[in-house]
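Q: Handing you this structure, nothing more for now.
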Amino acid sequence: MAVLLQAGDIFDFTIDVEEGVVGGASIDAHGTPLTDEVLALAKSSDAVVLGAMGGPKWDGLDYSIRPERALLALRQELGLFANLRPVKLFAPLAQASTLKPEVVAGTDLLVVRELTGGIYFGQPKGVTTEPDGTERGFNTLVYTTPEIERIARVAFDAARRRRGRVTSVDKANVLESTELWRRVVTRVRDEEGYGDVELDHVLVDNCAMQLIRDPRQFDVIVTTNMFGDILSDEAAMLTGSIGMLPSASLGGKVGMYEPVHGSAPDITGQDKANPLATILTVALMLRHSFDQGAAADCIEQAVERVLEAGPPHPGHLRGEGQRGGVQGDGFPVGATGAVGEEMRKILAERLFPVDTFGCWLPSGPPASGSLSVRPQIPVEVLDDDSFEDIDIALFSRARRSVPMLVALKPLYDAAGITRIVVSTYQSVSGAGRRAMEELGKQTAALFNSQEVECEQFPHQIAFNCIPHIDSFLPDGYTKEGEMVRRPARSWTTRKFASPSPPPPRARARLLQPLRIHQRRDPTKLSAGDVRAILRRLPACCSRTTPRATTTPLATQATGRTSTYVGRIREDDSVENGINLWVVADNLRKGAALNAVQIAEILIRDYH
């Protein structure tokens with residue numbers, strides 16, 4: 001719970017936590033694995049985090065009162081029909097997998113398993129004895145249209161939050177019930193507005209083989225109860241440790257979240273329990289039940305950094321060991337508004353070894369209204385004495401081009417790039433906090449039929465596009481446009497074209513979509529080739545959307561470190577042309593995070 005509370009402090013949300021006992025602890029205290037009071041508490045909650053509940057101590061009890069009955073009762077009472085099992089291999093654990101690191105590296109998939117139907121619950125079932133004494137066991141595999149429809153929707157919705165691809169697993173070549181499964185899943189995609197999600201169908205035996213051969217090809221796997229039971233355990237071992245995996249059960253109003261591992265009573269009281277599966281379970285809950293995707297990303301990234309640092313020790317969470325014992329103060333220059341606040345959050349998320357966080361102002365008084373940091377954050381004026389006792393001074397400007405280059409660099413490596421034409425549509429956040437506040441005021445005024453006041457721009461910001469934001473240079477470009485143009489020229493020794501006319505300003509708050517038209521030479525790549533290249537990137541770098549008709553949206557990127565790429569299509573107006581659309585939270589990705597990542601590399605490699 002400490003992780004949950006810390007995430008709330010960083011991302012400004014509050015979650016009330018109440019506790020109850022279930023399973024073996026409830027049997028010891030109340031004589032039943034699940035009391036009516038705890039069940040009522042679960043039903044009245046927004047989400048349930050469930051700990052491991054069994055153990056050898058209660059193995060001799062009747063099946064009807066075993067600890068595991070609490071889990072089944074909660075699933076039934078809460079109407080949970082979908083089990084989500086994320087399978088992500090953290091890079092430091094690649095050697096723990098039984099497969100070669102080059103096979104499993106980058107694995108990041110989600111198994112969506114139907115929980116309440118199929119052969120486990122179908123009727124009739126049982127064991128009978130024939131007249132000749134032969135025993136006959138039988139089960140019935142049944143699925144109805146509504147059962148398939150609802151699990152398909154869960155899978156498609158999950159894919160939209162990930163990389164946009166669903167693999168439906170069945171045995172349609174021999175089982176009529178899964179032939180129905182295939183037809184219904186396809187219909188849900190085609191008729192219920194999921195055309196932006198890519199769908200393919202795989203037979204279960206082939207899927208089991210492909211998970212071992214190339215697990216990185218999968219994004220979301222959706223399948224039946226029994227197939228999901230088997231495939232999720234197979235996929236779990238790709239990571240080398242079932243003790244690192246979270247899971248979620250969804251369906252009704254309340255979602256239930258639990259680590260996959262058991263209770264491990266053999267290490268009770270020895271301070272050896274691995275808490276990471278439970279911590280990742282909290283991240284899963286934040287993403288699916290509370291729409292706090294940025295907080296979930298933060299927790300998952302923190303777990304990865306803990307693993308990168310090696311075995312924890314007392315100073316670990318203060319940054320010692322993780323950064324080679326480096327500790328110091330963080331004082332970004334001039335970042336006294338939205339960028340400074342975002343940088344403060346990122347430093348906390350990434351366990352950066354900062355004793356004191358403050359802001360430096362360039363010499364001279366700040367511009368009127370530009371100082372908007374929190375009162376408790378110290379602000380100093382930058383002067384000749386500011387760099388005394390400083391080992392590393394990093395000067396990194398906010399780069400509008402960072403999200404674009406994340407998408408283009410792997411394409412350049414694969415095929416070469418000779419020309420880029422960029423059209424940027426940027427948010428008003430580039431003009432600073434005061435402009436963002438003016439956008440809010442103008443929007444409220446328009447909704448209330450009031451007169452709009454313009455101070456930061458000579459034009460109305462709300463519900464408008466402004467063709468430029470900064471002063472003009474002698475060549476006719478703006479300083480803002482030059483921020484895109486200059487990095488593109490210096491990025492490679494090849495020649496790059498100037499961008500198209502100065503970037504207009506859109507009314508969106510924080511995000512910067514970039515439409516990129518590139519010409520590659522000499523190697524030709526198809527749109528499918530480009531998608532395949534980008535899909536091989538770590539999820540934290542780029543998330544592609546399938547199909548040329550799918551455009552990534554600003555709301556997808558808000559608060560995230562990923563670069564979203566979509567509308568990937570071939571441009572036949574030029575030789576070897578490709579058009580694509582890139583979206584990122586430029587406040588986070590291009591401004592605040594970029595400087596922190598460079599600082600991490602400097603400390604890691606050169607201090």
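The values are calculated or read from the model by the stated rules, or taken from the named source; none is laboratory data. Treat the numbers as computed from the prediction; the structure is a model and nothing was measured. When we count neighbours, we look across all protein chains shown, and the Cβ atoms used for this are built from the backbone with ideal geometry, even at glycine.
Q: Take the residues in the range 9-32 that are without any contact (Cβ under 8 Å) to a residue 12 or more places away in the chain and among the acidic types (Asp, Glu); name whichever of them is surrounded by the fewest Cβ atoms within 10 Å (Cβ to Cβ).
A: Across the range 9-32, the extreme among qualifying residues is Asp16.
Q: Answer with yes or no whether Val583 is under 24 Å from the mean Cα position of the chain (by Cα), at pLDDT 80 or above and either closer than 29 Å to Ile299 by Cβ or of a type outside the set (Ser, Thr, Tyr) (or both).
A: Values: under 24 Å from the mean Cα position of the chain (by Cα): yes; at pLDDT 80 or above: yes; either closer than 29 Å to Ile299 by Cβ or of a type outside the set (Ser, Thr, Tyr) (or both): yes.
Criteria met by Val583.
Q: Here is a list: Pro67, Pro33. Which entry is under 23 Å from Pro246 (Cβ atoms), in contact with a Pro (Cβ under 7 Å, 6 or more places away or on another chain), modelled with pLDDT under 85 and not basic (Lys, Arg)?
A: Values: Pro33 fails: modelled with pLDDT under 85.
Matching residue, one of Pro67, Pro33: Pro67.
Q: Name the residues in the range 33-45 that are buried (at least 16 other Cβ atoms within 10 Å of the Cβ) and either without any contact (Cβ under 8 Å) to a residue 40 or more places away in the chain or farther than 21 Å from Gly55 by Cβ (or both), would you?
A: Thr35, Val38, Leu39, Ala42, Ser45
Q: Is one or more of the residues making up the range 384-401 under 29 Å from Thr558 (Cβ atoms), modelled with pLDDT of 65 or more and either in a helix (DSSP H, G or I) or in contact with a Pro (Cβ under 9 Å, 6 or more places away or on another chain) (or both)?
A: Narrowing the range 384-401 to residues under 29 Å from Thr558 (Cβ atoms): 394-401.
Add one more test, that the residue is modelled with pLDDT of 65 or more, and what stays is 400-401.
This time we only want the ones that are either in a helix (DSSP H, G or I) or in contact with a Pro (Cβ under 9 Å, 6 or more places away or on another chain) (or both), so: 400-401.
Yes - at least one qualifying residue is present in the range 384-401.
Q: If you don't mind, another one. Yes or no: Ala554 of a type in the set (A, V, I, L, M), modelled with pLDDT of 60 or more and more than 24 Å from Leu109 (Cβ to Cβ)?
A: Values: of a type in the set (A, V, I, L, M): yes; modelled with pLDDT of 60 or more: yes; more than 24 Å from Leu109 (Cβ to Cβ): yes.
When the stated conditions are applied, Ala554 passes them.
Let's see how each residue does on (1) within 29 Å of Val565 (Cα to Cα); (2) among the small types (Gly, Ala, Ser); (3) touching a helix residue (DSSP H, G or I) at 6+ places or on another chain (Cβ under 6 Å):
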| site | (1), (2), (3) |
| --- | --- |
| Val111 | yes, no, yes |
| Gly118 | no, yes, yes |
| Asp132 | no, no, no |
| Phe138 | no, no, no |
| Glu192 | yes, no, no |
| Asp200 | yes, no, no |
| Gln210 | yes, no, no |
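Q: How do the pairs read when you match residues in the range 581-598 that are under 15 Å from Gly340 (Cβ atoms) with residues anywhere that are at pLDDT 80 or above and surrounded by fewer than 24 Cβ atoms within 10 Å (Cβ to Cβ), using Cβ under 9 Å and keeping only pairs 6 or more apart or on different chains?
A: Here the result reads Arg588/Ala294, each pair linking the range 581-598 to a residue that is at pLDDT 80 or above and surrounded by fewer than 24 Cβ atoms within 10 Å (Cβ to Cβ).
Q: Looking at the range 129-155, which of the residues that are in contact (Cβ under 8 Å) with a residue 60 or more places away in the chain and either hydroxyl-bearing (Ser, Thr, Tyr) or within 30 Å of Val582 (Cβ to Cβ) (or both) is surrounded by the most Cβ atoms within 10 Å (Cβ to Cβ)?
A: Only one residue fits best here, namely Ala155.
Q: In the range 259-290, which residues are under 22 Å from Phe81 (Cβ atoms) and either touching a helix residue (DSSP H, G or I) at 6+ places or on another chain (Cβ under 6 Å) or modelled with pLDDT under 80 (or both)?
A: Keep residues of the range 259-290 that are under 22 Å from Phe81 (Cβ atoms), which gives 259-260, 281, 284-290.
Hits for the range 259-290 are Pro259, Val260, Leu286, Arg287.
Q: Same structure again: Among the strands (runs of 3 or more DSSP E) lying completely within the range 167-271, list those that include at least 1 residues that are surrounded by fewer than 15 Cβ atoms within 10 Å (Cβ to Cβ). So that I can check it myself, show each step before the final result.
A: On the way: elements: 198-203, 220-223, 246-250, 255-259.
The strands (runs of 3 or more DSSP E) meeting that bar are 198-203.
Q: Those residues that are without any contact (Cβ under 8 Å) to a residue 24 or more places away in the chain and assigned to a loop (DSSP other than H, G, I, E, B), I need them from the range 272-296; list them, please.
A: The initial filter retains those residues of the range 272-296 that are without any contact (Cβ under 8 Å) to a residue 24 or more places away in the chain, namely 272-273, 275, 291, 296.
Residues satisfying the conditions are Lys272, Ala273, Pro275, Asp291.
Q: Here's something else I'd like to know. For residues in the range 426-473 being aromatic (Phe, Trp, Tyr) and at pLDDT 85 or above, which is farthest from Asp585 (Cα to Cα)?
A: Restricting to residues being aromatic (Phe, Trp, Tyr) and at pLDDT 85 or above, the top hit is Phe447.
Q: List the number of the failed condition for Met209; all other conditions in (1) in contact (Cβ under 8 Å) with a residue 60 or more places away in the chain; (2) over 19 Å from Phe90 (Cβ atoms); (3) assigned by TED's automatic domain parsing to the domain that holds Glu102 hold.
A: The single condition Met209 does not satisfy is (1).
Q: Please give the number of the condition Gly528 fails out of (1) at pLDDT below 75; (2) surrounded by fewer than 17 Cβ atoms within 10 Å (Cβ to Cβ); (3) within 15 Å of Leu411 (Cα to Cα).
A: (1)
Q: Moving to a separate point now. Given the structure, is Gly126 under 24 Å from Val202 (Cβ atoms) and either of a type outside the set (Asp, Glu) or buried (at least 17 other Cβ atoms within 10 Å of the Cβ) (or both)?
A: Details: under 24 Å from Val202 (Cβ atoms): no; either of a type outside the set (Asp, Glu) or buried (at least 17 other Cβ atoms within 10 Å of the Cβ) (or both): yes.
For Gly126, the condition - under 24 Å from Val202 (Cβ atoms) and either of a type outside the set (Asp, Glu) or buried (at least 17 other Cβ atoms within 10 Å of the Cβ) (or both) - is not met.
Q: Further question on the same structure: Quickly run through the range 73-126 and pick out the residues that are among the aliphatic types (A, V, I, L, M) and modelled with pLDDT under 80.
A: The answer is Ala91, Leu93, Ala94, Ala96.
Q: With the structure loaded, tell me whether Leu203 is in contact (Cβ under 8 Å) with a residue 40 or more places away in the chain and among the aliphatic types (A, V, I, L, M) or whether it fails that test. Show your work before the answer.
A: On the way: in contact (Cβ under 8 Å) with a residue 40 or more places away in the chain: no; among the aliphatic types (A, V, I, L, M): yes.
Criteria not met by Leu203.
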